[in-house]
Amino acid sequence: MYYGEIKKYDIANGIGTRVSLFVSGCRNYCKNCFNQATWDFDYGNVFDETVENDIIESLAPEYIHGLTVLGGEPFEPENQKALLPFLKRVRETYPDKTIWMFSGFTLEELRGESRGNCKETEEILSLIDVLVDGRYEEEKRNISLQFRGSENQRLIDMPKTLKQNTVVLWNK
């Protein structure tokens, strides 16, 4: 897997100060995507053990609230294979920090018939706290929305959603 950028002090992609990993590779091709460079699966740098260790270390300070993974598309099957062991490590190392993921897939697509649903998907969903789902839709753009760009996108509380077996929206 490749990544386009790591932001070690991000306040735009989740609650609090976060470390954000922008993975490379996306086949959704949303019109006017804010990060089109990351559509290319080979964009940026290789996500290897050194990078993983650096992110783990960057999450250590108390003022860092958690990790955000976005892209590109974290739920492309190629990316899920690399992200699953990393997310497990983050969860084990920092059980009290939150993990947010952004996806152009809806939760229903991730759990149904789509390329985003592969053998790693359910376990990844069980490791994250908030899923921001849905493709960016230019005609539904709304700059006043918190943590998302278009009105069709949802902030989903994944622990509650999995427990109740119905979509529960995240509420700050």
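At-a-glance table
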quantity	calculated
Reachable lysines, given that their alpha-carbon falls under 18 Å from the alpha-carbon of LYS7 and they are not under 8 places away in the same chain	LYS97
Filter on LYS81/LYS140; LYS88/LYS160; LYS8/LYS140 - keep pairs with C-alpha separation over 22 Å	LYS81/LYS140; LYS8/LYS140
Within the chain, helix-based [θ] at 222 nm, where runs of 4 or more DSSP H residues each add -39,500 (n - 2.57), nearest 500	-7500 deg cm²/dmol
Cα radius of gyration and Dmax for the chain (Å)	14.8, 41
Zone residues, the range 132-171, relative to ASN32, backbone N less than 13 Å from point 7 Å out along Cα-to-Cβ	136-144, 149-151
The range 20-91 and the range 111-172: distance between their alpha carbon centers, rounded to Å	16
Cysteines having no other Cys beta carbon under 4.7 Å from their own, within the chain	CYS26, CYS118
Gaussian network model of the chain, springs between alpha carbon atoms under 10 Å - residue of GLY44, GLY104, GLY14 with greatest fluctuation	GLY44
Phi-based couplings in Hz for the range 89-95 (Karplus 6.51, -1.76, 1.60; Gly and Pro marked x)	5, 4, 4, 5, 6, 10, x
Of ASP40, ASP133, ASP48, the one that fluctuates the most in a GNM where the chain has Cα springs shorter than 10 Å	ASP48
Net charge of neighbours whose Cβ lies under 12 Å from the Cβ of TRP100, counting Lys and Arg as +1 and Asp and Glu as -1	-1
Formal net charge of residues neighbouring GLU138 (Cβ-Cβ distance under 13 Å; K, R +1; D, E -1)	+1
Fluctuation leader among GLU57, GLU120, GLU73 - the chain, Gaussian network, Cα springs under 10 angstrom	GLU57
Projected label distance in nm at ASN45 and ALA12, using a 7 Å step from Cα toward the beta-carbon	2.0
Unit charges on C-beta of K, R, D, E only; dipole of the chain, Debye	500
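Each reported figure results from applying straightforward, stated rules to the coordinates on display, with no laboratory input. Every value quoted in this text rests on a predicted model; they were computed, and no experiment measured them. Heads up, the Cβs are rebuilt from the backbone with ideal geometry, glycines too, and the neighbour counts pull from every protein chain shown.
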